[in-house]
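For reference, the structure discussed in these notes is given below.
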Amino acid sequence: MADPTQFVYFFGGGQADGSTEMKNSLGGKGANLAEMTRIGVQVPAGFTIPTEVCNYFSDNDGAFPEGLKEQVVAALERVEEVMGARLGSDTNPLLVSCRSGARESMPGMMDTVLNIGLNDHSVQALAEHSGNAQFAWDSYRRFIQMFGDVVLGVRADDDEHEDPFERLLEAKKASAGVKYDSELSAEDLQELVSEFKALVKQRTGQDFPEEPIDQIWAAIGAVFGSWNNDRAFVYRRDYGIPHSWGTACNVQAMVYGNLGDDCATGVGLTRDCSMGAPGFNGDYLINAQGEDVVAGIRTPKRIETSLKDEMPEVYEQLETIGKTLENHYQEVQDIEFTVQKGRVWLLQTRNAKRTGFAAVRIAVDLVNEGLITPEQALEKRRIPADDLNQLLQPVFDPQKKALAETEGRLLTKGINAGPGAASGHICLTAAEAERLHNIDPEKPLILVRRETSPEDLRGMRAAEGILTAFGGASSHAALVSRQMGKTCIVGANELNVDYIAGTVSVGDIVLKTGDPISIDGFTGEVFTGMVDTTPSEIVNVLIKKTVAPEDSEAYQRYAQLMEWVDQFRTLGVRTNADLPDQAVDALAFGAEGIGLCRTEHMFVEHLEEIREMILARDPDTRLAAINRLLPFQQDEFTGLFRVMQGRPVTIRLLDPPLHEFLSERHLQEQPDLAEELAAQLGISVEAVRARTAELHEENPMLGHRGCRLGIVYPEITAMQARAIMQAAVAVQAEGIEVHPEVMVPLVGFQTEIDNQAAIVRETADAVFAETGTTIEYQIGTMIEVPRAALRSDEIAETAEFFSFGTNDLTQTCLGMSRDDYGGFIGYYRENDIVPFDPFQSIDLGGVGRLIELGVAGGRSTRSDLKIGICGEHGGDPASVMFCHHAGLNYVSCSPYRVPIARLAAAQEALASE
Ligand code: PEP
Ligand code: MG
């Protein structure tokens, strides 16, 4: 806040105290209302109370700072002046709205009250001034309903399914014999107002407040209070928005979209935000108030198809405003507007939320249209790196979908609001979806609702996809699922959702809770039963090669974007791949090497030899078993070197505790195993059992694993080194360059890496002598226990490269078992003990600090030490950004995360320029 004593920022009549730059104080909505006023877009007058006041309010038990009251009263007078109307007037009453607006938009999570200023007198004046008594009384009943819910807390009890105001409204429609709210007469509405007030009195014991200024203060308090409601907390946790930001409160003159058939209300996008196609589009309703569009009560019409014919001049005004805003903000805008008697008023503009598909298309199109530069196109806020994931998401297998159609399984169609394809079991309430998801996270669920509201957030998150009967492309369900990257269909009007009976039906077809259903978020089609999915278009071009690049526009835009990405990023991106086919995929996604090949994954195919090795009591037997593994390992390494064509390949020596291959659990689960092993080894069943018991460890993750295996059983390391070197020699002989990097796991002492490096070098020399060839190779270490990070200067005397194994480093730094933390991490997240899951995103304060120490120590010994990361964090955008700053040379992640890591790396390189 520029001036700590200024609590009110006015806008209206072409003048504004605030601007876009003041978003942190005024919130997105307030800052943009000010900015639009400045650039000459028509906005109803009003003022913004900044976020700092919300924080004061939260910290002081709902008290307002001194001086606020006077400034609000003065600002209200200015609003009255600009709008030519007065609060509580007997002739031309001013009504205002009171709306939340945080720094980052949190769609529908906080509260809004409209039509403030109505009472038994002003409603009469509004009726006379507008010449429309039905409108006036309808506005009054809406006001009591909204204020009653938001401010006074009159809403459905736990055991009620329906809002108590809605129940009275439904009863009134039934007694009046009408279907729609808009068909109720002024008299019906007047009666309803009395019934609503009686309901408020009965529920709260208080009369409904009559004084406009009291109504305003109560609404401001409710808006600030809503920053701390449960769904806002959940949303902030999901999107990493600090709880300390607070919301601003916007008090603004009402304009009316429900004064007659030359009035309308709507929400529009300057481009399509589902797939990114250019052109103004959106939803509108004639003769309605804004909340009707967003709440999804009536299904709106589409601006791009029918507004042109119904209100051609309004359409033109909207297109012009859209262009003005897009040019000014250099971004796709999401606007809210009201048409009052043919004139368009803007109530909000903000950078539009979009799917990953739309984000890429819009960013690339804006560059090609000359509106922004490639550097701007890559900004994090335009394409959150994680959203690229959506482009790699599955779609329905076309043949399976065609089959579903011929089988008559196409149930209905709605509006395609969130791309992707999802099949799952029907769930009718958010709570049920959350409950089922907690029991079995693998079981896919589709949340089917009449419409969704912000309360459904947790359930939407748990579901694979969302399907609603009402609402348009801008309804709550659509906005939120798009942002979550969930497949979503809204406004499937034929759908009859019966919460009480637990059924979803279209005509005679009735599905029950738990039945399978499939939704195509690209087309809006809904199918009964499951439909198989197939990979995305990008994956079809890059991986499956079933589509030629020139036939896929989506791929071409992706390729253009990734070209810019590689131009700007300085951090390398490698992949974690154990098998040649994984390496092939990763290369197609742009991987520049293998950062981690976990050799034990190859062993799973050869359990017999491994178990023989484990059970061996003497070195000779062990060596014989190990040597039987050599050709298999060598084959796999050969495949990797061939695929990688001279790119670096980091191969890690055996790491996991041996009990993963043979333990008492294996013997229990496979009753014949002990006997088979006994026969295979020529030892007794008892000996097998005894040796297995000996291997038991209470805490295997901290037990005999990592380099401790290769140190105690040097023949394992020697065999692996030989397999690597023989493979390298063979592939080099084929004329293909090879760059093996042998990596030692779980090192904490310099002596450990010294021990293993000596074995590797000795073996390599032997292979080179036998073959008369040499190979350029390196020996390095993982840094995955705190001691290694702390003594990295010593370790770097031997190690030629470092790779941070942040899975184990997190486990050992936090003392939090990577296998067991599931039991409490949910609670930790819910209660803000940790801001995110430290196994997904690097814990900067602890693990991050160790990484920094590790880098500094390592480079103090070896200034050009190559350093990477190969824990799961290597594919997490925030962690990638940290790695850029920590001075790492590369990150390594799973193949499908490679494009995401590349983008995150470029974004951070640009942001830190
Ligand atoms: C790590 O610990 O981060 C790592 C990459 O090794 P693994 O996950 O195999 O223990
Ligand atoms: Mg590890």
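When the criteria are applied in full, residue 877 meets the requirement of being more than 16 Å from ligand 1 (Cβ to nearest atom), touching a helix residue (DSSP H, G or I) at 6+ places or on another chain (Cβ under 9 Å) and within 24 Å of residue 910 (Cβ to Cβ). On the given criteria, is residue 596 assigned to a strand (DSSP E or B) and under 33 Å from the mean Cα position of the chain (by Cα)? Yes; evaluated as a whole, the condition is true for this residue. Among the residues of region 497-508, those that are closer than 18 Å to residue 525 by Cα and surrounded by 15 or more Cβ atoms within 10 Å (Cβ to Cβ) comprise 497, 504, 505, 506.
Among the residues making up region 64-109, those that are under 35 Å from the mean Cα position of the chain (by Cα), of a type outside the set (Lys, Arg) and closer than 15 Å to residue 251 by Cα are 96, 97, 98, 100, 101, 102. The set of residues from region 463-475 being buried (at least 24 other Cβ atoms within 10 Å of the Cβ) and either at pLDDT below 90 or outside any strand (DSSP E or B) (or both) comprises 463, 471, 472, 473, 474, 475. Being surrounded by 19 or more Cβ atoms within 10 Å (Cβ to Cβ) and closer than 19 Å to residue 276 by Cβ is not true of residue 404. The helices (runs of 4 or more DSSP H) located wholly in region 658-764 that include 2 or more residues which are in contact with a helix residue (DSSP H, G or I) (Cβ under 9 Å, 6 or more places away or on another chain), open to solvent by less than 20 Å² (accessible area, probe 1.4 Å) and within 16 Å of ligand 2 (Cβ to nearest atom) occupy 707-712. Could you please let me know if residue 532 is open to solvent by 30 Å² or more (accessible area, probe 1.4 Å) and closer than 28 Å to residue 452 by Cβ? Yes, satisfied.
Restricting attention to region 683-698, the residues that are among the β-branched types (Val, Ile, Thr) and closer than 10 Å to residue 663 by Cα total 1. Name the residues in region 488-537 that are out of contact with any Gly (no Cβ under 8 Å at 6 or more places or on another chain), part of a strand (DSSP E or B) and not hydroxyl-bearing (Ser, Thr, Tyr), would you? Matches in region 488-537: 496, 497, 498, 504, 506, 509, 510, 511, 520, 525, 527. The residues in region 538-549 that are outside any loop (DSSP other than H, G, I, E, B) and either polar (S, T, N, Q) or touching a Phe, Trp or Tyr at 6+ places or on another chain (Cβ under 6 Å) (or both) can be counted, and the count is 4.
When the residues of region 793-813 are narrowed to those that are under 27 Å from residue 839 (Cβ atoms) and open to solvent by 10 Å² or more (accessible area, probe 1.4 Å), which ends up farthest from ligand 2 (Cβ to nearest atom)? If we take residues in region 793-813 being under 27 Å from residue 839 (Cβ atoms) and open to solvent by 10 Å² or more (accessible area, probe 1.4 Å), then 813 is farthest from ligand 2 (Cβ to nearest atom). Is it fair to say residue 327 is in contact with a helix residue (DSSP H, G or I) (Cβ under 9 Å, 6 or more places away or on another chain) and open to solvent by 60 Å² or more (accessible area, probe 1.4 Å)? Considered against the rule, which asks whether it is in contact with a helix residue (DSSP H, G or I) (Cβ under 9 Å, 6 or more places away or on another chain) and open to solvent by 60 Å² or more (accessible area, probe 1.4 Å), residue 327 comes out as no. Being of a type in the set (Phe, Trp, Tyr), away from ligand 2 (no atom under 16 Å from the Cβ), touching a helix residue (DSSP H, G or I) at 6+ places or on another chain (Cβ under 8 Å) and modelled with pLDDT of 95 or more is a property that holds for residue 641.
Pairs meeting the criteria (first residue in region 579-601 and open to solvent by less than 10 Å² (accessible area, probe 1.4 Å), second residue acidic (Asp, Glu), beta carbons under 7 Å, at least 6 apart or on different chains) are 597/578. Selection over region 871-905 of residues that are modelled with pLDDT of 95 or more, crowded, with 21+ Cβ neighbours inside 10 Å and not in a helix (DSSP H, G or I) gives a count of 4.
Among the residues making up region 765-785, those that are surrounded by fewer than 19 Cβ atoms within 10 Å (Cβ to Cβ) and assigned to a helix (DSSP H, G or I) are 765, 766, 768, 769, 770, 771. Taking every residue in region 804-832 that is more than 27 Å from residue 575 (Cα to Cα) and pairing it with any residue that is within 9 Å of ligand 1 (Cβ to nearest atom) and among the acidic types (Asp, Glu), at least 6 positions away or on another chain, yields no pair with a Cβ-Cβ distance below 9 Å. When restricted to residues that are of a type in the set (D, E, K, R) and within 15 Å of residue 800 (Cα to Cα), region 757-776 contains 2. Annotation: of all residues in region 836-855 being out of contact with any helix residue (DSSP H, G or I) (no Cβ under 7 Å at 6 or more places or on another chain) and at pLDDT 90 or above, the one that is nearest to residue 888 (Cα to Cα) is 849. Meeting the requirement of 2 or more residues that are under 24 Å from residue 42 (Cα atoms) and of a type in the set (Val, Ile, Thr), the strands (runs of 3 or more DSSP E) wholly within region 276-392 are 333-340, 343-351. Filtered by the rule that a residue be open to solvent by 10 Å² or more (accessible area, probe 1.4 Å) and at pLDDT 95 or above, region 349-367 gives 361, 365, 367.
Mind checking whether some residue in region 761-772 is modelled with pLDDT of 95 or more and within 16 Å of ligand 1 (Cβ to nearest atom)?
no
For region 617-657, the tally of residues that are under 11 Å from residue 727 (Cβ atoms) and outside any helix (DSSP H, G or I) stands at 2. Of the residues that make up region 808-822, is at least one in contact with a Cys (Cβ under 9 Å, 6 or more places away or on another chain), within 16 Å of ligand 1 (Cβ to nearest atom) and of a type outside the set (Val, Ile, Thr)? No: region 808-822 contains no residue that is in contact with a Cys (Cβ under 9 Å, 6 or more places away or on another chain), within 16 Å of ligand 1 (Cβ to nearest atom) and of a type outside the set (Val, Ile, Thr).
The values are calculated or read from the model by the stated rules, or taken from the named source; none is laboratory data. Predicted model, so just to flag it, every value in this text is computed and none were measured. Counting neighbours? That spans all protein chains shown, and the Cβs are built from the backbone with ideal geometry, glycine included. Calculation scope for accessible area: heavy atoms of the full protein, side chains included, ligands and nucleic acids excluded. Shrake-Rupley method; radii C 1.70, N 1.55, O 1.52, S 1.80 Å.
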